[in-house]
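Right, one structure below, let's go through it.
The values are calculated or read from the model by the stated rules, or taken from the named source; none is laboratory data. Note that the coordinates shown come from a computational prediction; the quantities given were computed from them, not determined experimentally. Cβ coordinates were reconstructed from backbone atoms using ideal geometry, including for glycine residues, and neighbour counts include every protein chain displayed. Keep in mind that these areas ignore ligands, DNA and RNA; they rest on the heavy atoms of the full protein, side chains included. Shrake-Rupley method; radii C 1.70, N 1.55, O 1.52, S 1.80 Å.
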Amino acid sequence: MQTSAAGVRLTADIRFYRASGIGTYLRNLLPGLLAALANSRPASAPPLRVTLLITEDDRPAIVDALADFTAANGPDALELIVPQSRPLSLSEQRELPQLLPTDTDVLWIPHLNIPVRFRGRSRNSAAPAQLVVTLHDLEMRHLRGGWRKLAVYLYARLIFPVIRRRARALLCDSAFTHSEWLRFYGPARPAQILTTIPLGVEPAFFHAKRGAADRFTPRPYLLYVGNVKPHKNLRRLIEAFLLAQDRLGDLDLVIAGKMDGLRSADRQIPALVERGGDRIRLTGRVSQAELEALYAGAELFVFPSLYEGFGLPPIEAMAASTPVAAANIPVVREACQSAAEYFNPRDPADIGRALVAVTTNPDRSRELREAGRKRAAEMNWQRCIDET
């Protein structure tokens, strides 16, 4: 890329900064990535300038996370912009082209909501801004049923071909997502980068202690972490727990994560939870410290998803030395390899079998704890930063 005294501008949309999934990716990647980009530039090179699209609620956390970057590169190196439109909305397609800096050299969208009409024009060349998109999954392409799902599905079907035409680089979280992209949209175009960059696990999970988890239930527990979208398959997990309850002794099921406010939530969940009485505990959104404690205190972590782009929660549980039972689907096998007890995610009876097989067999539980810890140690965010 040619440069001038104006410097090089990276613009990124990080409005999912505090979300689960994409938020975990952004929080762990962004500070190290910006530091690495700035440090890799020769002393004689023009400065790196960064513009971030954020939400106002996220501003304090982002300013704090990037304090070292601004201290090292000066306050003018970072610009924060707050759009009024919501991500994945038609209104953002009207607003963002007017809001984004026109001298952007690289536009990084860590989701699929690219501003279709924005081109940008670098001060350093006649070329338009180069678009980089992180592909976490292609789940939205598979959605059906209900007008909200249909709207998102149609949005995805329209936007993915545009991403294929426009993106200079496509960064996939997993080989599975990479293969999904190839299945639907074919190989990369000439001069286009299509690559797989696995995620990492935060070091804090390796040192997690039960501690704060005691307030959620007085009994031993199985743990699920995630939201209640249908593809997360929480409904069948609860059905499996109810079927196997007599064989699980005094184990509770603790469900940690956002339970309300999701437009695509599984509406059957509340009624199923009520059937479990006080044996099914809902935590709602938890802090990072509480999440670490919940992982560390669980007798078993259960990951029943029907579809994922990577599958980070089971790796976090493994880092906390918790055995994992997981859905037997390709992307989860890619993430967990031989360090999990697998089950058919569409069969509550088989999910129940896996729960009982681990929690009633100390040798199997110990085997999974040891294998999981080793697997988690292979995943690190610094490698993700370097490859990105």
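Only Cα pairs under 8 Å and 6+ residues apart enter the sum, and on that basis the relative contact order of the range 28-142 stands at 19 percent.
Shown here for the range 343-388: GluC sites (Glu not before Pro) in loop regions (DSSP other than H, G, I, E, B) with at most 15 other Cβ atoms within 10 Å, namely GLU378.
Accessible surface ranking for PHE176, PHE303, 1.4 angstrom probe, highest first: PHE176, PHE303. Per residue, the accessible area of the range 204-333 comes to 39 Å², computed with a 1.4 Å probe over protein heavy atoms only. The apolar share of the surface of the range 27-173, taken as the fraction of accessible area on carbon and sulfur atoms (1.4 Å probe, ligands and nucleic acids excluded), comes to 56 percent.
Taking the helices alone, the chain has a mean residue ellipticity at 222 nm of -11500 deg cm²/dmol, built from -39,500 (n - 2.57) per DSSP H run of at least 4 residues and averaged over all its residues.
The convex hull of the Cα atoms of the range 70-125, projected and averaged over all directions, covers 4.8 nm². In units of the compact-protein estimate 2.2 N^0.38 Å, the range 129-248 shows a Cα radius of gyration of 1.46.
Packing, taken as the mean count of other beta carbons within 10 Å per residue, orders the peptides 310-316, 98-104, 23-29 from highest to lowest as 310-316, 23-29, 98-104. For LYS258, a cut-off of 15 angstrom between C-alpha atoms picks up these aspartates and glutamates, skipping any fewer than 8 places away in its own chain: ASP266, GLU290. Mean sequence separation of contacting Cα pairs (under 8 Å, at least six apart), scaled by the length of the range 1-89, corresponds to a relative contact order of 35 percent. Per residue, the average separation of C-alpha pairs within less than 8 Å and at least 6 apart gives the chain a relative contact order of 15 percent.
Ranking of ASP58, ASP350 by solvent-accessible surface, largest first: ASP350, ASP58 (1.4 Å probe, protein heavy atoms only, all chains present).
Rg ratio for the range 262-344: its Cα radius of gyration over 2.2 N^0.38 Å, N being its residue count, equals 1.18. Would you list which aspartates and glutamates come within 15 Å of LYS374, measuring only between C-alpha atoms, while excluding same-chain residues fewer than 8 positions from it? Correct list for LYS374: GLU202, GLU316, GLU334. Averaging 1/r across all pairs of distinct Cα atoms in the chain and inverting the result yields a Kirkwood radius of 22.2 Å.
Stokes-Einstein diffusion for the range 302-388, with the hydrodynamic radius set to the Kirkwood value over Cα pairs and evaluated at 25 °C in a medium of 0.890 mPa s, equals 187 µm²/s.
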